[in-house]
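Input: a single structure, listed below in structure tokens.
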Amino acid sequence: MKTFRKELWMELPRRRGFVNITPQVERALAESGVREGLCLVNAMHITASVFVNDDERGLHGDFKRFLEKLCPHEPTSQWRHNDTGEDNADAHLKRQLFGREVVAAITEGKLDLGPWEQIFYGEFDGKRRKRVLVKVLGE
Amino acid sequence: MKTFRKELWMELPRRRGFVNITPQVERALAESGVREGLCLVNAMHITASVFVNDDERGLHGDFKRFLEKLCPHEPTSQWRHNDTGEDNADAHLKRQLFGREVVAAITEGKLDLGPWEQIFYGEFDGKRRKRVLVKVLGE
Amino acid sequence: MKTFRKELWMELPRRRGFVNITPQVERALAESGVREGLCLVNAMHITASVFVNDDERGLHGDFKRFLEKLCPHEPTSQWRHNDTGEDNADAHLKRQLFGREVVAAITEGKLDLGPWEQIFYGEFDGKRRKRVLVKVLGE
């Protein structure tokens, strides 16, 4: 049995955005040398998501507008979490809806994804350095 | 360590629906010969979900109405993803809310599920052949 | 390869609430003796969630109000699942949005969590004994 661990660093220039991290996860997998197993990819921060969907700009705009309508940032006073001095309660909620993590199969040394599956980092409270964890387990 | 991989094929006659795939996942697990480990079950398409809930017809209707209210299919022009010529932006969103995958424990050769837990395939853009991946890791 | 299984019992005095179960998961991991691998933590009931977020009381109130607005308990007659004699359709929906499970990496014998990541049990239909499954796989 082999395990492998790598952190990916993210720093988005805006508060919200989606980054396709599939190439970085594939490189981590290649480094691991694992041919068969499971690959966990998770945000290490609670105002960000890792999820699988389509790499299409129009859809990403739809995602942002949808989340903003359900969990608006403004007015920040609507959320009791922001009474602590934070202004990111909406980001915690957006991350709950889009999820923390992806577990992908590893088959013959590759991420075993469907034809349109791409792994994204979803940032909901950016403009600072944050991490994604890749953990590989297999042989 | 053992790994095992199997694809389940789905083809729903309607755009949206839920299929209990627990028996098919159990058969895949039996084929794998794994007695202790983890079983990943994920949609390979980004307009479908795999999730665990109750096999109750009334609840499934509630799920459909709830998702349709939050992420309506019509009018298709409300979503920028549909400017690409697609009409399934709503399906990408519904899948985000219901999730991509389930990881189930394997104990003594069985799926280690609670008394009411059943694994479902959730289709949000059907009428075509789509796949679910089952990947088993353990011994 | 090692595997380890433990059930955590929950009984909340109210219908809805969040419990930080990180210490219990850490104890299960210590019992397992696994140093490198993956740890699955899942609700065994379909009206409860396991998720990772912040241990902050104001945020938990925001979570409850947000879910209640999206999937209201009252009037119970709005959900067809409740025609079966149940009154917990809203709890099935809330659990769908907050998810069933968490998969955490295990590194050097510890849960490999980010600085603010805490694992929660989310109860949406409480006042009775329910279970969370911890399954550890690694070496």
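Details
- Of C:VAL52, C:VAL41, all but one fail to be under 12 Å from the mean Cα position of the chain (by Cα), modelled with pLDDT of 95 or more and under 21 Å from A:TRP79 (Cβ atoms); the exception is C:VAL52.
- Unique match (being charged (D, E, K, R) and closer than 30 Å to A:MET1 by Cα) among B:GLU68, B:GLU123, B:GLU101, B:GLU56: B:GLU101
- Taking (1) surrounded by 20 or more Cβ atoms within 10 Å (Cβ to Cβ); (2) out of contact with any strand residue (DSSP E or B) (no Cβ under 7 Å at 6 or more places or on another chain) in turn, A:ALA43 satisfies each apart from (2).
- Residues in the range B:121-139 that are open to solvent by 10 Å² or more (accessible area, probe 1.4 Å) and assigned to a strand (DSSP E or B) were compared, and the one that is nearest to B:VAL25 (Cα to Cα) is B:ARG131.
- Subset of the range A:108-120 (residues that are open to solvent by less than 30 Å² (accessible area, probe 1.4 Å) and facing another protein chain (nearest Cβ under 7 Å)): A:ASP112, A:GLY114, A:GLU117
- Strands (runs of 3 or more DSSP E) contained in the range A:4-107 and holding at least 1 residues away from chain C (no Cβ under 13 Å) and in contact (Cβ under 8 Å) with a residue 24 or more places away in the chain: A:17-20, A:48-53, A:101-107
- Identity of the residue in the range C:11-38, in contact with an Asp or Glu (Cβ under 9 Å, 6 or more places away or on another chain), closer than 17 Å to C:LYS135 by Cβ and not acidic (Asp, Glu), that ends up surrounded by the fewest Cβ atoms within 10 Å (Cβ to Cβ): C:ARG35
- Of all the numbered requirements in (1) out of contact with any His (no Cβ under 6 Å at 6 or more places or on another chain); (2) surrounded by 19 or more Cβ atoms within 10 Å (Cβ to Cβ); (3) of a type outside the set (Ser, Thr, Tyr), B:ARG65 misses one, and that requirement is (2).
The values are calculated or read from the model by the stated rules, or taken from the named source; none is laboratory data. What you see is a predicted model; the values in this text were computed from it and never measured. Note that we place each Cβ from the backbone using ideal geometry, even for glycine, and neighbour counts take in every protein chain shown. Ligands, DNA and RNA are excluded from the accessible area calculation, which covers all protein heavy atoms including side chains. Shrake-Rupley method; radii C 1.70, N 1.55, O 1.52, S 1.80 Å.
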